[in-house]
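*Asks:* Here it is: the structure, laid out below.
All of the numbers you see were taken from the coordinates with simple rules; none came from a lab. From a predicted model like this one, the values you see are computed outputs, not experimental measurements. Note that each Cβ is placed from the backbone with ideal geometry, even for glycine, and that neighbours are counted across all protein chains shown.
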Ligand code: FES
């Protein structure tokens, strides 16, 4: 995003929240919703316009898991690595996804289709291994099964 567009995006988020420094989380949420993630330039611009030190903006942006400082894919894949899923073969499912998408845990595919992450227990242990893609829960996943599941996403 060009710097001009970035300035306007940040200004719009600040206007919406009356330049209230205590609403930094909400402001960053709006900026991320527009850009898709929080590039360093967006953090710097937010700090500048709001009059908050960049160190503070950065610590808020890195503290909350909902914020991403790198580009993310359209679909977020979360492979559950909790104990129950682990003993049921989650590692093999994760490895299959990494191989299929040619990315490692924490990575995003070049075409920005998928971002791959792991979580610890999503409360559906009896159905493990669990793979969550966006809002969809896929249970009893196998390395073979995950390939056809991934094909369902555009
Ligand atoms: S360990 Fe995976 S859902 Fe509980």
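*Asks:* What's the angle, to the nearest 10 degrees (0 to 90), between helix 90-101's Cα axis and the longest principal axis of the chain?
*Replies:* 70 degrees
*Asks:* Rg over Rh of the range 9-97, using C-alpha atoms and the Kirkwood radius, what does it come to?
*Replies:* Details: Rg = 17.0 Å, Rh = 14.7 Å.
Dividing the radius of gyration by the Kirkwood radius yields 1.16.
*Asks:* Let me ask something else about it. If I fit a long axis through the Cα atoms of helix 40-50 and take the longest principal axis of the Cα atoms of the chain, what angle between them do I get, 0 to 90°, rounded to 10?
*Replies:* Approximately 40 degrees, to the nearest ten.
*Asks:* Between residue 70 and residue 87, what length in nm is gained on full extension when 0.36 nm per residue of separation is reduced by their alpha carbon distance?
*Replies:* Numbers: separation 17, 0.36 × 17 = 6.12 nm, distance 3.13 nm.
In short, 3.0 nm is gained.
*Asks:* Let me ask something additional. Calculate the length of the line joining the C-alpha centroid of the range 9-48 to that of the range 106-133, in whole Å.
*Replies:* Here the two parts' Cα centres lie 28 Å apart.
*Asks:* At a Förster radius of 30 Å, what calculated FRET efficiency corresponds to the Cβ-Cβ distance of residue 59 and residue 33, to the nearest 0.05?
*Replies:* Details: r = 21 Å, r/R0 = 0.68.
After rounding, the FRET efficiency stands at 0.90.
*Asks:* Taking every pair of distinct Cα atoms and averaging 1/r, then inverting, what Kirkwood hydrodynamic radius in Å comes out for the range 70-154?
*Replies:* Details: mean 1/r = 0.0805 Å⁻¹.
In the range 70-154 this quantity evaluates to 12.4 Å.
*Asks:* Any chance you could run the full-extension gain for residue 48 through residue 95? It's 0.36 nm times the residue separation minus the Cα-Cα distance, nm to one decimal.
*Replies:* So the extension gain works out to 12.7 nm.
*Asks:* Sticking with this one: For the chain, state the semi-axes of the equivalent ellipsoid (square roots of 5 times the eigenvalues of the alpha-carbon gyration tensor), sorted largest first and rounded to whole angstrom.
*Replies:* Working: eigenvalues 255, 51, 28 Å².
The equivalent ellipsoid of the chain has semi-axes of 36, 16, 12 Å.
*Asks:* Between 0 and 90 degrees, rounded to the nearest ten: what's the tilt of helix 54-63 against the longest Cα principal axis of the chain?
*Replies:* Roughly 20 degrees between the two axes.
*Asks:* Given the Cα-Cα distance of residue 140 and residue 20 and 0.36 nm per residue of separation, how much length would full extension add, in nm?
*Replies:* Numbers: separation 120, 0.36 × 120 = 43.20 nm, distance 4.65 nm.
The span from residue 140 to residue 20 would gain 38.6 nm if fully extended.
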